Structure formats: C-alpha cells, structure tokens
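Below is one structure, written out as structure tokens; the observations come after it.
The values are calculated or read from the model by the stated rules, or taken from the named source; none is laboratory data. For clarity, every value in this text was computed on a predicted model and none was experimentally measured. Cβ sites come from the backbone with ideal geometry, for glycine too, and all protein chains shown count toward neighbours.
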Amino acid sequence: MARAYTSEARYSEDGDSRTGFLARLSRHTDDRGRGVLRGWSGPGKWRRGWILAAVAVILALALSLHAEIPNSIGNLGSLWETFLPWGGVLIVVLLVLALLRRSTTALIALVLPTLVWLNLFGGVFGDKTSGASGDLTVVTHNVNADNPDPRGTARALASSGADVVALEEVSSAQAGVYRTGLRKAYPYHKLTGTVGIWSKYPLSDARPVDLKIGWPRAMRATVATPKGKVAVYAAHLPSVRVQFRAGFTAGQRDGSADALGAAISHDPAGKVVLLGDLNGTMNDRALAPITAQLRSAQGAAGNGFGFSWPASFPMARIDQIMVKGADPVSAWTLPPTGSDHLPVAAKIDLTD
C-alpha cells in the first residue's frame, strides 16, 4: 500500500510555526529592529548630540542674521553672503551626522536652520516666468580675457537671439574677433576699455562710467528700441580674492559698486538696464548701492538660483541683469562657451 505523506510544521520552542531558516531569519530581523529602536530610545537619546545641536542653532543664526555678520574682519560678512544658498548643504551634513549619532536633540535643533533656509530661498524653486512675451531680450557675458575660443563664443552669442549683448573682459588681443563675429547680428556697437555693448537697435550717447579704479571697466549707452529709449549699462566690477591672511579682499570692488550706484541714481532715463559681472551676489550687502535701486531679473522672473560662475561647476550668480522702470518677464543661463562664466539672459517688458 502506498504511504501517504503529509507535511507538518515544525514548531520552535517559543511556538513559532515557521520552519528552520525562516524562523532564524525572523528572529534576526526582529533583533536588528529592536537594536535600532534601542539606539533611538532611552534617556541617552536626549544626551547625545548636544554639540551638533549647538552648531545647528549657530547655523540658523548665521543664516537669519547674515546682514549682521561684520565685514571688519576679512570681509567675512560678504564672503558668507556670496555663498549663502550653500548653507543648505551644511544642513544636510548636520542631518547625516545627527542620524549617525542617533541624536533626537540634534534632529529637533535642525528644524531651525531648515526653516530659515526655506524662508530665504524656498521661493527660488518656483517658476516666476511671466506670461508676457517681452519687448527686449538682453544677454551679458564675461567672455574671459584668456578665452581659448573667442570665435566660438562670438558665434554662440550671435545665435542667442538677444537684441542687446554686453561683454566684459574683452582683451585688446580678442576685441577684433568679437567685432567681426558679432557684426552681422549686431550692426551697432561700442567698446570702451574691456567692456562693450552690441545692439540690433541704434546706440547713442555712449560714454565710459568712472568706477574709480583708474581704467575703464564700465560704460553707458542709450538704445533706441521700438518701445522707446533705454539706458543700458555694461559693467565689470573689480575682482575679489580669498586669501589666508587678508580674508575676502573686496575693498576695490566695494568702492566701484558705490560709484556705479551713484551714476545710475543720477541717470535721468526712465528705463535703465544694467548688464555685467558685478563680482558679487544679490545677497552681498556691499552691492547695496546698486541692488537698492534696481530689480534682479533672475530674482523677479528666473527659475532656480541661476548660478553663473564658475562655468565648470556654477556655485554663485555674480553675473547680473538688473532693471529699473521696466519688468523682467523671464531669466535664464545660456550654455557654456570658452569662458569661465556662463552667459545669462533675460526678457524685459518695456510697456509703461
């Protein structure tokens, strides 16, 4: 007679009906889970990570009170404000350390800098582009005096579709290349020192603007657009340096920002557009003489931070398009050229 076989569940001592391997795996998983929970439970969860919590609070204060950080020591305030958005990376680093430390105290403290950062920069990620088509498209680009491909850069700018292009750091050796490369698309142009304006529309009243540095790095011209005359400034403020002993050296840049701000404030034009490499961000209090009277196209109508420098890994937006008496409707960065800066562009509504 054939024997009938039936499978029976083998019971462990604790009554677990799962067989062999499954029972051991279950107990191991349960033990690991209880171990993880034990790491986050008990009185130690509040005693661990006080240093991380203190750093989180300090970071929150540094973000919220950035304008109060003094510049008297190595222009520390301006340096911090230049890279202020990257404070979010510090929050992530502290979060990872708090998780590794299993510190509830540190995690709670991290809520403070997170809320401050979101208050400062949360709106950056919304698309602020207007539905208007815009009356004037402008581009500004620091082309880099050592640009290995000025012809390619000129071709890229000529094909950008902009009505007005401002260039900074145009060396005497490469000036002819840009004149030739942009001549067909922009029949009107004026080059002063190392900055220039190229336009599809007639230019008049072109003149240098004194930045108090001894040589021309800024100019102003009137552009006769179909919607009326617009005062266009092209500017390249002095560079800043981060040095071990001197800190963030920006004295010359700051003085030039004062001079440029004064020139714009006395300009009688109803519509003003500033294009240029300001070697500073909109958060930098040293640019207040300029930023207090002009609107950032990126801030008003851009999407994201719009970082423009360095081109290989953009970390800050130091190339600016700013307006007065007009409304930005969109702003963006263009693809890289042979320069260490990205070109930045904006469309502007000139309608009264």
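Residue-by-condition table, conditions (1) in a loop (DSSP other than H, G, I, E, B); (2) buried (at least 24 other Cβ atoms within 10 Å of the Cβ); (3) out of contact with any strand residue (DSSP E or B) (no Cβ under 9 Å at 6 or more places or on another chain):
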{"position": "283", "(1), (2), (3)": "yes, no, yes"}
{"position": "288", "(1), (2), (3)": "no, no, yes"}
{"position": "307", "(1), (2), (3)": "yes, no, no"}
{"position": "338", "(1), (2), (3)": "yes, no, yes"}
{"position": "348", "(1), (2), (3)": "no, yes, no"}
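For residue 73, the conditions (1) assigned to a helix (DSSP H, G or I); (2) more than 17 Å from residue 47 (Cα to Cα) all hold with the exception of (1).
The sole residue among 95, 99 that is more than 19 Å from the chain's Cα centre (by Cα), assigned to a helix (DSSP H, G or I), touching a residue at least 12 places away in the same chain (Cβ under 8 Å) and surrounded by fewer than 19 Cβ atoms within 10 Å (Cβ to Cβ) is 95. Please list, ordered by first then second residue, the pairs with beta carbon atoms under 7 Å, 6 or more apart or interchain, first in region 102-131 and exposed (fewer than 13 other Cβ atoms within 10 Å of the Cβ), second of a type in the set (Gly, Ala, Ser). Within 7 Å, the pairs are 125/304.
For residue 52, the criteria (1) within 30 Å of residue 278 (Cβ to Cβ); (2) at pLDDT 95 or above; (3) surrounded by 16 or more Cβ atoms within 10 Å (Cβ to Cβ); (4) not basic (Lys, Arg) hold in every case but one, which is (1).
A Cβ distance below 6 Å, combined with a sequence gap of six or more or placement on separate chains, defines the contacts here; from region 139-165, residues that are closer than 19 Å to residue 332 by Cα reach residues that are in a loop (DSSP other than H, G, I, E, B) and of a type in the set (Ser, Thr, Tyr) in the pairs 139/160; 143/339; 153/337; 156/337.
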